[in-house]
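Below is one structure, written out as structure tokens; the observations come after it.
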Amino acid sequence: MGNRATIEVKDETGSAPCYAYVHWDGSPEQVIEVVVKAAPVMRARDCQYAMARLIGTCHLEIDTKGGLSLGVTDYKEEFDNGHYIVDMPKGKITNEGKVIAEGLEFGQF
């Protein structure tokens, strides 16, 4: 059916008001890859700005896969690969409570 997941971005004060929904690129490896690519332009202290940059990077990476590849939602769902949290202050990504990447550095501007 897909390789679906939702992605949340957090800063020191909380989470962005939306989640990214990926239809085909929701495996842990794919989520780590897109976050690492976006991290330098994700403003570490502004989850809303950082989420926009992550969504932009997702769009560029999956542009050739059609209309069901990327969405924005205000709720998280337990899809094929669950829900990821990009915790910028801690420099890590978790999936269903398990750390899948750490030591990430986000933009400091």
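The values are calculated or read from the model by the stated rules, or taken from the named source; none is laboratory data. None of the values given here were measured: they were computed from a predicted structure. Heads up, the Cβs are rebuilt from the backbone with ideal geometry, glycines too, and the neighbour counts pull from every protein chain shown.
In the range 14-26, is there at least one residue being modelled with pLDDT under 95, farther than 18 Å from N3 by Cβ, surrounded by fewer than 13 Cβ atoms within 10 Å (Cβ to Cβ) and not hydrophobic (A, V, I, L, M, F, W, C)?
Looking through the range 14-26, none of the residues is modelled with pLDDT under 95, farther than 18 Å from N3 by Cβ, surrounded by fewer than 13 Cβ atoms within 10 Å (Cβ to Cβ) and not hydrophobic (A, V, I, L, M, F, W, C).
Restrict the check to the range 75-88 and report whether at least one residue is within 12 Å of A5 (Cβ to Cβ), touching a Phe, Trp or Tyr at 6+ places or on another chain (Cβ under 6 Å) and not in a helix (DSSP H, G or I).
Scanning the range 75-88, I find at least one residue that is within 12 Å of A5 (Cβ to Cβ), touching a Phe, Trp or Tyr at 6+ places or on another chain (Cβ under 6 Å) and not in a helix (DSSP H, G or I), so the answer is yes.
Let's see how each residue does on (1) within 12 Å of the chain's Cα centre (by Cα); (2) over 14 Å from N81 (Cβ atoms); (3) not aliphatic (A, V, I, L, M):
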residue: T6; (1), (2), (3): yes, no, yes
residue: D11; (1), (2), (3): no, yes, yes
residue: G14; (1), (2), (3): no, yes, yes
residue: C18; (1), (2), (3): yes, yes, yes
residue: H23; (1), (2), (3): no, no, yes
residue: P28; (1), (2), (3): yes, no, yes
residue: R43; (1), (2), (3): no, yes, yes
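Would you be able to tell me the number of residues in the range 27-45 that are touching an Asp or Glu at 6+ places or on another chain (Cβ under 6 Å) and not aliphatic (A, V, I, L, M)?
1
I'd like the full set of residues that are closer than 9 Å to V9 by Cβ, in contact with a Phe, Trp or Tyr (Cβ under 8 Å, 6 or more places away or on another chain) and part of a helix (DSSP H, G or I), limited to the range 36-50.
Passing the criteria: only A50.
Return the residue satisfying two criteria in turn: it lies in the range 60-109 and is modelled with pLDDT of 90 or more, among the hydrophobic types (A, V, I, L, M, F, W, C) and closer than 16 Å to P28 by Cβ, and of such residues it is surrounded by the most Cβ atoms within 10 Å (Cβ to Cβ).
This residue is V86.
Residues in the range 33-43: is at least one out of contact with any helix residue (DSSP H, G or I) (no Cβ under 9 Å at 6 or more places or on another chain), of a type in the set (A, V, I, L, M, F, W, C), free of Cβ contacts under 8 Å to residues at least 40 places away in the same chain and under 22 Å from N3 (Cα atoms)?
No, every residue in the range 33-43 fails to be out of contact with any helix residue (DSSP H, G or I) (no Cβ under 9 Å at 6 or more places or on another chain), of a type in the set (A, V, I, L, M, F, W, C), free of Cβ contacts under 8 Å to residues at least 40 places away in the same chain and under 22 Å from N3 (Cα atoms).
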